[in-house]
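The structure under discussion appears below in the form of structure tokens.
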Amino acid sequence: MIFPGMVDVHVHLRTPGGEHKEDFRTGSAAALAGGFTMLLAMPNTQPPLVTLESWQSAQTRAQSESLCDVFLYAGASANHIDQLPVLAQHAPALKIYMDQTYGPLYVRGLANLMPIFSVWPTAKPICVHAEGESVALAIGLAAMYKKHVHICHVSRKSEIELIAQAKASGLPVTCEVTPHHLFLTDTDAARLGPYGDVRPTLGSVEDQEALWQHLNSTIDCIASDHAPHTREEKEQPEGNPPGVPGLESTLPLMLTAAAQSRLTTTRLIELLSTNPRQIFNLPEQADTFIEVDPLAKYTFPEHPLYTKCAWSPFSGMPMIGRLQRVVLRGREVVRDGIVLNYH
């Protein structure tokens, strides 16, 4: 079965400043091994991508070091609002962290959010890390400023229901859901310990069921929120950084869901390719496609992971649907799950 190249609009490739966890080469190799030919990477790096200089430096590295197409978000900072108009000329979207997160970016208070919404252009999305009441605030700002707001990693029943109402009202709101919120719950978090610690945290079975109920309607994208950390960091006794890797498990999980008739392959393509490209106005990739065997059964992962952190919360899970081949701009780059000419 032939699909278009997949697009992940929410990844952390840790460059600059966190290259011991991931870098553009290892992260893009993991992307190709997972069927993704294009990535949008988050700006909460060290330093954060809140100025044109920092953004251009990181984007130049991404272009020279990555094995697939990687585009970087601009980061919102209350101290660098003056940079947003020029950043908007280059970055595909803006990211605002409206709730507590690990990393240097966190925008709090209407006094800081209002000027950010005011100056960012209407033509490009404002992506928000918003949980609980912050989702309502983001939707309200979208309505007030007539700006397209994309809500990242929606994880709770109340949030997806509110977004559904906003869409029904005609507001310019889109959203994404992660595979770990679709396939894991707070019970798994207890089982996995630090390896199941993510933000937003894993929800209840009721939350999980609500996400599945909205998968064919309200939800626009599946995005991995690929957030690798080393085992040493995850197991440190004084507390671990939240986040799990997801680039190599996202497509297998969604193919498994399709094999179980939880969604159609047509809908899978919409969520992982068509909608992300449309929402973020991403460029076409000529002669680019992936081949999958939708009936292949195996235990994840079949071979060593390419992500530098080298672990997954889905290890040992039975999957249905295997990536066979990736062709990027006419060149075969993955065969039988192996990235060619990588080493």
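The values are calculated or read from the model by the stated rules, or taken from the named source; none is laboratory data. As the structure is a prediction and not an experimental result, all values here were calculated from the model. Note that we place each Cβ from the backbone using ideal geometry, even for glycine, and neighbour counts take in every protein chain shown. Note: accessible area is taken over every heavy atom of the protein model, side chains too, but ligands, DNA and RNA are not part of it. Shrake-Rupley method; radii C 1.70, N 1.55, O 1.52, S 1.80 Å.
Here are some notes:
- Shape summary: the stretch 167-220 maps onto an equivalent ellipsoid whose semi-axes, from the alpha-carbon gyration tensor, are 25, 11, 8 Å in decreasing order.
- For the stretch 122-127, Karplus couplings with θ = phi - 60° (6.51, -1.76, 1.60), whole Hz, Gly/Pro x: 5, 6, 10, x, 9, 9
- Packing order of peptides 220-226, 257-263, highest average first: 220-226, 257-263 (average count of other Cβ atoms within 10 Å over each peptide's residues).
- For the stretch 210-318, the Cβ-based charge dipole about the Cα centre amounts to some 280 debye (Lys, Arg positive; Asp, Glu negative; other atoms uncharged).
- Read-out semi-axes √(5λ) of the Cα gyration tensor in Å, derived from the coordinates shown; its label in (1) 30, 28, 22; (2) 28, 23, 21; (3) 107, 23, 12: (2)
- Local charge for residue 98 was computed over the other residues whose Cβ lies under 13 Å away, with Lys and Arg +1 and Asp and Glu -1, and equals -1.
- Per residue, the solvent-accessible area of the stretch 13-104 (1.4 Å probe, heavy atoms of protein chains only, all protein chains present) comes to 33 Å².
- Gaussian network model of the chain, springs between alpha carbon atoms under 10 Å - residue of 274, 187, 178 with greatest fluctuation: 187
- The mean sequence separation of alpha-carbon pairs under 8 Å and at least six residues apart, normalised by the residue count of the chain, gives a relative contact order of 19 percent.
- 3J(HN,Hα) from dihedral phi, the stretch 257-270, Karplus parametrisation 6.51/-1.76/1.60, rounded to Hz, x for glycine, proline: 4, 5, 5, 8, 6, 7, 7, 8, 5, 4, 5, 4, 5, 4
- Accessible area of the chain belonging to carbon and sulfur atoms, whole % at 1.4 Å probe: 51 percent
- For peptides 248-255, 277-284, 80-87, sequence by mean Cβ density within 10 Å, most packed first: 248-255, 80-87, 277-284
- From phi via Karplus (6.51, -1.76, 1.60), per-residue ³J(HN,Hα) for the stretch 289-305 in Hz, x at Gly/Pro: 7, 10, 10, 10, 9, x, 9, 5, 10, 6, 9, 7, x, 7, 9, x, 6
- Annotated for the chain: lysine pairs at least 8 residues apart or interchain, Cα distance under 12 Å, count 5.
- Calculated diffusion of the stretch 201-257, Stokes-Einstein form, Kirkwood radius summed over Cα pairs, 4 °C and 1.567 mPa s, µm²/s: 96 µm²/s
- What the stretch 145-232 shows is 36 Å² of accessible area per residue, with the surface traced by a 1.4 Å probe over protein heavy atoms.
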